[in-house]
1. Rank these for me by crowding, 38, 60, 65, going from fewest to most other beta carbons within 10 Å.
2. Which loop trypsin sites (Lys or Arg not before Pro) in segment 64-109, with loop taken from DSSP, have no more than 14 other Cβ atoms within 10 angstrom of their Cβ?
3. Once you've got the Cα coordinates, tell me which of 85/141; 116/140; 81/109; 90/141 are over 20 Å apart.
4. Which far-off residues, 5 or more places away or on another chain, put their amide H under 5 Å from the one on residue 99, with H placed in the peptide plane?
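Bear in mind that the values in this text are calculations on the coordinates, not laboratory data. Remember, it's a predicted structure, so these values are computed and weren't measured experimentally. Reconstructed Cβ throughout: ideal geometry from the backbone, glycine too, with neighbour counts over all protein chains shown.
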Amino acid sequence: MKAISRILFAVLIVAFSVGGLYAGKDESPGKFVVPDDYNLQTTCPVMGGEIDSTIYSDMYGQRVYFCCAACIDQFNADPEKYFKKAAAEKVLFHNVQELCPVSGHPVSKEHFRYYKGMGLFFCSSGCAEKFDAAPEEILKKMKNGIKKAEKKHEHSHDGESHDHKH
């Protein structure tokens, strides 16, 4: 009985934590809809056991949950192996992206791609299409960290005009 309670509690925690990004079947504008043939992560990708929502690793904008801390090291040693496994099983990890990997602008839930076990958001259809054209290049950029888009301003100091980033 105690094990069943723990499982139900873990499922509820995961449901609430990913519910904001994966809005189920709510098809209102700006809400991401989980495709019918995909499933949200419910088990540890390494050991296959019950996940603990306090144990995770963030990679490629994906928050991957594990059953124990030891699984994080195994995952980080070969993440592509586990993303490949997720792709084969059509599992969606919790997306924690804030910025588009192409432009550096805030993402929109309306522009989504599923690629090699990763559910990725973009700021526009144009950026999603750029990803389609060169996905590995964009993933490399994501692994190295996405930089926020900067605005350039031109103004003068003591009569000299020049531009620089703010």
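1. Starting with the residue having the fewest Cβ neighbours, the order is 38, 60, 65.
2. Sites meeting the loop and neighbour criteria: 90.
3. Pairs exceeding the cut-off: 85/141; 81/109; 90/141.
4. 107
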